Amino acid sequence: YCIIKSKIFSILVVLGFSCNEKEFVNSSKSNFCKVTRCAYQNSDTNYIHNYTWIENTQKGSDGSLNDYNSYGSVIQNIQAEDTFTYEYDDCDNYCKMTKQIYKGLDSTSVINYTWAGDTQEIDGNILAIYNSNGYLLKSYRGMLPVTYKYEDCENFCKMISKSAHNSEVTYYWEGNTQKGSDGSIFEYNERGYLLRSTEYGNVYTYTYENCN
């Protein structure tokens, strides 16, 4: 299963290997980069997923079908019998998710989100805080809050640290290549789309079109 976030935050739960970008949000530009190939490999396995596009609809060789809005945010994801639908508001700087709908063979669920500025809430509780560019500053989705820090947001914001409780990973940058104190390496294009990631023995590579 290989879904590209294409600069979007998502609440999708993915089982098994996944071709996901890091926590990242969409651009306000309508000409978003469209992924056409995602490859995964580690010491035990490897696979390649190819994607074709008709306007803003992406069809994957893994059977996935994704519809995007003009800003590059997923509005519908179909995997086998499962369908996720997303609604957004205020896409001036980044699209703010306001609803997630899940439909399966035997169940349906709806999650509503509210926003106070750049703070996303669920049932009155803070879920995440973003900067004005739509990059995650603090997440309360897991067991412990995770804090992110950035520098140089001219073309895209470059993460320099990620911390939770007493654990912290720091990053330094060589051009558009991000290197972490945990040995991870992430390479981006000039627009901030992930080209290659190496982390804990897992390597993902991405190819795009419409990315000028």
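The values are calculated or read from the model by the stated rules, or taken from the named source; none is laboratory data. Just so you know, these numbers come straight off a predicted model, no measurement behind them. In this analysis, Cβ positions are derived from the backbone assuming ideal geometry, glycine residues included, and neighbour counts consider all displayed protein chains. These accessible areas exclude ligands, DNA and RNA; they are computed on the full protein's heavy atoms, side chains included. Shrake-Rupley method; radii C 1.70, N 1.55, O 1.52, S 1.80 Å.
Kindly indicate whether Y172 is under 18 Å from Y148 (Cα atoms), open to solvent by 60 Å² or more (accessible area, probe 1.4 Å) and more than 18 Å from the chain's Cα centre (by Cα). When the stated conditions are applied, Y172 passes them. Considering (1) β-branched (V, I, T); (2) more than 17 Å from the chain's Cα centre (by Cα); (3) farther than 22 Å from Y88 by Cβ, the lone condition that T147 does not fulfil carries the number (2).
Give me the residue from the range 51-69 that is more than 16 Å from T207 (Cβ to Cβ) and out of contact with any Lys or Arg (no Cβ under 9 Å at 6 or more places or on another chain) and, out of that set, surrounded by the most Cβ atoms within 10 Å (Cβ to Cβ). The qualifying residue surrounded by the most Cβ atoms within 10 Å (Cβ to Cβ) is N69. The set of residues in the range 117-127 that are in contact with a strand residue (DSSP E or B) (Cβ under 9 Å, 6 or more places away or on another chain) and either touching a residue at least 60 places away in the same chain (Cβ under 8 Å) or outside any loop (DSSP other than H, G, I, E, B) (or both) comprises T119, Q120, E121, I122, I126, L127. Total residues in the range 196-212 satisfying the condition of being without any contact (Cβ under 8 Å) to a residue 12 or more places away in the chain and farther than 22 Å from D44 by Cα: the figure is 0. Scanning the range 177-212 for residues that are open to solvent by less than 50 Å² (accessible area, probe 1.4 Å), among the polar types (S, T, N, Q) and more than 26 Å from G60 (Cβ to Cβ) yields a total of 2. When V74 is tested against (1) open to solvent by 30 Å² or more (accessible area, probe 1.4 Å); (2) at pLDDT 90 or above; (3) in contact with a strand residue (DSSP E or B) (Cβ under 8 Å, 6 or more places away or on another chain); (4) of a type in the set (V, I, T), only condition (1) is not met. Does at least one position in the range 161-183 carry a residue that is in contact (Cβ under 8 Å) with a residue 60 or more places away in the chain and either of a type in the set (F, W, Y) or under 25 Å from Q41 (Cα atoms) (or both)? There is no residue in the range 161-183 that is in contact (Cβ under 8 Å) with a residue 60 or more places away in the chain and either of a type in the set (F, W, Y) or under 25 Å from Q41 (Cα atoms) (or both). Here D90, D152 are screened, and the one residue that is under 19 Å from Y193 (Cβ atoms) and in contact with a strand residue (DSSP E or B) (Cβ under 6 Å, 6 or more places away or on another chain) is D152.
For the range 97-105, check the following and say yes or no: at least one residue is in a strand (DSSP E or B) and farther than 29 Å from N131 by Cβ. Yes - at least one qualifying residue is present in the range 97-105. In the range 200-212, which residue that is part of a strand (DSSP E or B) and over 16 Å from the mean Cα position of the chain (by Cα) is nearest to T52 (Cα to Cα)? Selected residue: E209. Output yes when any residue across the range 107-128 is open to solvent by less than 30 Å² (accessible area, probe 1.4 Å) and either at pLDDT below 95 or among the hydrophobic types (A, V, I, L, M, F, W, C) (or both), and no when none is. Yes, the conditions are met somewhere in the range 107-128.
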